[in-house]
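Report on the following structure.
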């Protein structure tokens with residue numbers, strides 16, 4: 001599918017100006033820190049500077065590649081060629097500063113600042129193509145190899161930071177382009193902080209170790225969380241782990257196209273609240289994953305978004321007891337018409353090391 005050709009322009013725009021790094025890569029398939037796409041109804045152009053021009057000419061196939069020389073003249077020439085007077089901009093990504101630059105540089109062009117272009121782009125990105133799902137699946141495979149390897153590394157005396165660095169190293173060695181985000185590896189009482197930062201704390205016997213991590217493969221992210229125990233857990237730790245696992249399995253069992261993010265969230269939240277830990281589950285159940293680690297849709301207690309086939313969303317309930325410990329178990333799935341495909345294959349029964 002030619003994504004640029006599929007992108008719908010706002011009715012009141014003659015073209016679109018796409019400048020964000022993520023959306024530029026989404027439409028061209030090429031990673032770069034500079035450049036812009038000018039899309040018109042008839043065709044599209046990628047204007048990019050000398051640093052990337054050779055790569056662009058070799059890899060970008062769905063639009064005309066132009067080396068940036070005099071940007072102002074080049075944009076004006078293309079606007080004239082297509083008899084265009086207005087350009088829609090990415091309202092969700094363009095800064096006020098950059099918009100002012102374009103408005104001052106091109107006073108003859110009307111820049112359409114409504115959310116319509118961004119909404120159209122994110123609608124496309126939210127529903128994944130088979131090719132995108134394949135890349136996400138490969139990214140997850142890389143992360144899972146790292147998880148299997150890290151189990152042999154975790155032991156009494158290693159620090160949270162050492163665990164995080166080892167996970168990162170394993171993912172890179174297994175083919176990751178980069179990390180999906182800064183890897184979270186927490187132990188002991190620190191696991192009660194959902195997004196704590198790995199530090200110098202050394203794992204002790206009886207500690208939970210919580211790891212939230214993911215790999216990037218060809219621009220697409222994976223995301224998973226597993227909580228393991230070093231030595232025998234307490235009865236309370238086992239109880240909480242099993243509540244979280246029950247909540248996650250229940251929510252997973254009911255994920256399918258047609259339900260709202262709010263409903264999906266409630267399947268897990270109801271179980272945690274019934275067990276008396278509702279106040280200890282303070283974040284949403286899940287979020288979309290793709291070229292960014294947090295995308296649409298959202299599975300939260302306020303989300304009215306209706307899940308559609310080929311959306312990719314996480315299912316990650318947690319219970320966090322301040323000063324004691326926390327548990328989170330996270331898979332992510334591809335939504336199908338009547339069910340889902342779980343992209344996460346790692347075991348979820350409590351692993352005791």
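The values are calculated or read from the model by the stated rules, or taken from the named source; none is laboratory data. Remember, it's a predicted structure, so these values are computed and weren't measured experimentally. Counting neighbours? That spans all protein chains shown, and the Cβs are built from the backbone with ideal geometry, glycine included.
Taking residue 16, is it crowded, with 16+ Cβ neighbours inside 10 Å, closer than 18 Å to residue 115 by Cα and touching a residue at least 12 places away in the same chain (Cβ under 8 Å)?
Criteria met by residue 16.
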(request) Could you pull out every one of the strands (runs of 3 or more DSSP E) wholly within segment 173-220 that has 2 or more residues that are modelled with pLDDT of 95 or more and closer than 21 Å to residue 319 by Cβ? (result) 184-187, 207-213
(request) Could you please find all residues in segment 253-285 being under 16 Å from residue 313 (Cα atoms) and surrounded by 20 or more Cβ atoms within 10 Å (Cβ to Cβ)? (result) 255, 261, 264, 265, 267, 268, 284, 285
(request) Could you tell me whether segment 2-10 includes any residue that is more than 25 Å from the chain's Cα centre (by Cα), modelled with pLDDT of 95 or more and closer than 21 Å to residue 132 by Cβ? (result) no
(request) Could you grab me the full set of residues in segment 20-34 that are crowded, with 18+ Cβ neighbours inside 10 Å and in contact with a helix residue (DSSP H, G or I) (Cβ under 7 Å, 6 or more places away or on another chain)? (result) 23, 26, 27, 30
(request) Check off (1) free of Cβ contacts under 8 Å to residues at least 60 places away in the same chain; (2) over 30 Å from residue 217 (Cβ atoms) for residue 114 and give me the number that stays unchecked. (result) (1)
(request) Assess whether residue 162 counts as being more than 21 Å from the chain's Cα centre (by Cα), part of a helix (DSSP H, G or I) and over 21 Å from residue 316 (Cα atoms). (result) yes
(request) All but one of (1) over 21 Å from the mean Cα position of the chain (by Cα); (2) more than 25 Å from residue 302 (Cβ to Cβ); (3) surrounded by 15 or more Cβ atoms within 10 Å (Cβ to Cβ) hold for residue 235, so report the exception by its number. (result) (3)
(request) Taking residue 162 as the residue in question, decide whether it is without any contact (Cβ under 8 Å) to a residue 40 or more places away in the chain, out of contact with any helix residue (DSSP H, G or I) (no Cβ under 7 Å at 6 or more places or on another chain), over 30 Å from residue 274 (Cα atoms) and surrounded by 15 or more Cβ atoms within 10 Å (Cβ to Cβ). (result) yes
(request) Tell me, yes or no, whether segment 223-230 has at least one residue that is in a helix (DSSP H, G or I), assigned by TED's automatic domain parsing to the domain that holds residue 164 and over 13 Å from the mean Cα position of the chain (by Cα). (result) no
(request) Sort through 193, 211 and tell me the only one that's more than 30 Å from residue 39 (Cα to Cα), touching a residue at least 12 places away in the same chain (Cβ under 8 Å) and surrounded by 19 or more Cβ atoms within 10 Å (Cβ to Cβ). (result) 211
